Amino acid sequence: MHETNSFKKGLRVEIDSVPYMMLEVEFVRPGKGQAFTRVKMRNMLTGNVLSRTFKSGEKLPPADIIELDMQFLYNTNDVYHFMDNKSYEQHEITKEKLSDSSWRWLTDGMQTAVTLFNGRPIAIALPNFSVLVVEHCEPGGKGDTVTNATKPATLQTSAVIQVPLFVKEGDKVRVDTRTGLYVDRIK
Amino acid sequence: MIHTSTPTASERVKLLKKRSWFIKRVRHFFDALGYLEVDTPCLTRYPASEVYIDPICAYPFSQNNPYFLVTSPEYYMKRLLLNGSGAIYQIGSVFRRFEKGKMHSPEFTMLEWYAPAYSYQKIMQETADFLKFTLEVSKVEFMSFANCFKEFIDIDILGKDRGKVNIQLSDKITQIDKSAKVPALDFHEKLDYLMSFYIQPKLGKNLPIILYDFLIEPGTLAKPNKDDMTAARFEAYYHGIEISNGFLELTSHLKITKSLLKANEVRKQKKFLLWPIDDDFLQEMKNELSPTAGVALGIDRLLALTMGKEHINQVRNFSLN
């Protein structure tokens, strides 16, 4: 159990079967009275941030959270399959559980860090950039020299992003997975 | 996180000089008033009986014989008063377990002074004078603790119908704190909660403010007022930070004993660790103290306020982490 005095940024605890990560911890005590610890924390399942106040001495159980390096193998419809780099054990994650829509940038063989809560995957962290094939886009406007003009393109993962007009079907493009924005075209 | 960045050598020297200058000014204030500077031990056989303050254990003689680091020099200084020391002050380190935060450190520098024969008015005025001198402000404001609750949250905490007051406090907490889930709180804890998170940040915005007539709390050796609900105890705040706490001292041996026992009883109810009661102190208190007023003040907080720093580690020469 974690007592209030060991609360700190980054500590992961479980409240009502939900894992939370502490973002900010503030110790407050009125002159002679009861001390409180106010914690801002993120629900690791939904990403929502909430603040809670604890009396000094209150205890919370640690959240059973581990992060494992895994390789993305393939997906069948909405089920994504990963393999633990060390144990070769396979894990399945459904699309809806892939918070922040990381499924959009997953390519076969990609190295990821998967967060497991009580042994079940709840989130994955991707490399900052992912290279994906453009499956569909309208032909670029010929002779169009307007610089910042873009058009929608559907990628191999069925994600849709904005790309410059010169990008063609079959091109490989690099996407920043943190922002979901086009970076450049790979020759 | 400003406070964790390592200060440069020249910043350290600057701080050393600033602290030294500041503490000289503090001494100057009390020396000029005829106070005697004293120094009492950091180690003590028994900790002070406080509901919400925990001591740090130390083992100076043997592994099975715990002593404690003082959480304040109060008991030692009162023993000096009984020996006829007259008006005394002390500047030194005190230690409190598990206190860490922007304005908390397990070790901090405390100023404590005792003035025999002072009235409640006189000790509050002297505290105000000290704040004017050290903070270089023209005026200090005063407000009673109960009025403070009326002013900020519109609740009469001294209301005759205690049940109603209790409900009003709970409603207020839910009303102002929708997002934060609040733990189960008793009456005093509700006051502490509202004070900590709602009222205190607004106190002393422009000028330091002294709140007086706090409610009677177990373990605090403050003299109760005639109304039997409040005590002759005050706290000073500036820019939302509590810097000082003072009171007219309980002098009766019986009442002091009862207060210490009550503090332990409350700790027991709250399932806190129980510490032994200071028998050495209680024995000496049998020769009752003459009326005395006393004040404790956090030097690091005061210095942080004068230097515009947000964390007391920024004004201590070394910080523990």
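Sum up the charges of everything whose Cβ sits under 13 Å from the Cβ of residue B:254, counting Lys and Arg as +1 and Asp and Glu as -1, but leave residue B:254 out. Could you put the intermediate results ahead of the total?
Details: positive: B:255, B:258, B:262, B:286; negative: B:288.
Result for the neighbourhood of residue B:254: +3.
Using modelled backbone amide H atoms (1.01 Å from N, in-plane), which distant-in-sequence or interchain residues come within less than 5 Å of residue A:32's amide H?
The list, which skips near neighbours in sequence, is empty: none.
Can you tell me what percent of all Cα-Cα pairs in region B:1-79 are more than 19 Å apart?
On the way: 1936 of 3081 pairs.
Result: 63 percent of Cα pairs exceed 19 Å.
So how many Å³ per residue does the convex hull of the Cα atoms of region B:193-321 work out to?
Numbers: hull volume 21.6 nm³, N = 129.
Cα convex hull per residue, to the nearest whole number: 168 Å³.
Within region B:145-206, count lysine pairs with alpha carbon atoms under 16 angstrom apart where the residues are 8 or more positions apart or belong to different chains.
Step by step, the pairs that qualify in region B:145-206 add up to 11.
For every other residue with a beta carbon closer than 11 angstrom to the beta carbon of residue A:24, add +1 if it is Lys or Arg and -1 if Asp or Glu, then tell me the sum. The partial results should precede the final answer.
Values: positive: A:8, A:9, A:38, A:40, A:42; negative: A:26.
Result for the neighbourhood of residue A:24: +4.
Give the dimensionless ratio obtained when the Cα radius of gyration of region B:211-270 is divided by 2.2 N^0.38 Å.
1.21
For the protein assembly as shown, what log10 I(q)/I(0) values come out of the Debye formula at q = 0.07 1/Å, with one point per alpha carbon and no solvent?
Result of the Debye calculation: -0.54.
Counting only residues 5 or more places away or on other chains, whose amide H sits under 5 Å from the amide H of residue A:70 once H atoms are built in the peptide plane?
A:85, A:112, A:113, A:114
Would you mind giving the mean number of other chain beta-carbons within 10 Å of the Cβ of each residue in B:189-202, as a whole number?
Working: counts 5, 1, 3, 10, 7, 1, 6, 11, 6, 0, 1, 3, 1, 0.
Mean inter-chain Cβ contacts per residue within 10 Å come to 4.
Using only DSSP helix segments of four residues or longer, with each worth -39500 (n - 2.57), what per-residue ellipticity at 222 nm results for chain B after dividing by its residue count and rounding to 500?
-11000 deg cm²/dmol
Can you give the three extents of the C-alpha atoms in region B:275-321 along their principal axes, from longest to shortest, in whole Å?
Result, largest extent first: 45, 27, 15 Å.
Which whole-number percentage describes the relative contact order of chain B, with Cα contacts under 8 Å and a sequence gap of 6 or more?
Relative contact order for chain B comes out at 22 percent.
Using θ = phi - 60° and the Karplus form 6.51 cos²θ - 1.76 cosθ + 1.60, what ³J(HN,Hα) does each residue of region B:74-85 get, whole Hz, x for Gly and Pro?
3, 5, 4, 5, 5, 5, 5, 4, 5, 7, x, 5
Please turn the phi angles of region A:12-25 into ³J(HN,Hα) values with the Karplus equation 6.51 cos²θ - 1.76 cosθ + 1.60 (θ = phi - 60°), one per residue in order, whole Hz, x for glycine and proline.
Once θ is set to phi - 60°, the couplings for region A:12-25 become 10, 10, 10, 10, 6, 6, 10, x, 10, 10, 6, 9, 9, 10 Hz.
What list of ³J(HN,Hα) couplings, whole Hz, do you get for region B:108-118 from phi and the Karplus terms 6.51, -1.76, 1.60, once you set θ to phi - 60° and write x for glycine and proline?
8, 9, 10, 9, 9, 9, 10, 10, x, 6, 6
Name the most mobile residue of A:139, A:19, A:127, meaning the one with the largest mean-square fluctuation, in a Gaussian network model of chain A with Cα contacts below 10 Å.
A:139
For region B:145-206, what is one quarter of the convex hull surface built on the Cα atoms, given in nm²? If you can, show how the numbers build up before the last one.
Details: hull surface 17.1 nm².
Over all viewing directions, region B:145-206 projects a mean Cα-hull area of 4.3 nm².
Could you work out the local net charge near residue B:189, counting Lys and Arg as +1, Asp and Glu as -1, over the other residues with Cβ closer than 13 Å to its Cβ?
Every neighbour counted, the sum reads +1.
Report, to one decimal in Å, the Kirkwood hydrodynamic radius for chain A based on all distinct Cα pairs.
Its Kirkwood hydrodynamic radius stands at 19.2 Å.
Looking at region A:69-176, which GluC sites (Glu not before Pro) are in a loop (DSSP not H, G, I, E or B) and have at most 11 other Cβ atoms within 10 Å?
On the way: sites: A:89, A:92, A:96, A:135, A:169; in loops: A:89, A:169.
Counting only loop positions with at most 11 other Cβ atoms within 10 Å, the GluC sites (Glu not before Pro) in region A:69-176 are A:89.
Could you identify which residue out of A:66, A:93, A:124 has the top mean-square fluctuation in a GNM of chain A using Cα springs shorter than 10 Å?
Residue with maximal mean-square fluctuation among A:66, A:93, A:124: A:66.
For chain A, what does the relative contact order come out to in percent, with C-alpha contacts under 8 Å and a separation of six or more?
Answer for chain A is 14 percent.
Please label the shape of chain B as rounded, prolate or oblate, based on the square roots a ≥ b ≥ c of the eigenvalues of the alpha-carbon gyration tensor (a/c under 1.5 means rounded; beyond that, a/b larger than b/c means prolate, else oblate).
rounded
Throughout, read-outs are computed from the coordinates displayed, never taken from laboratory work. This is a predicted model, so every value here is computed, not measured. All Cβ positions, even for glycine, are placed from backbone atoms using ideal geometry, and neighbour counts span all protein chains on display.
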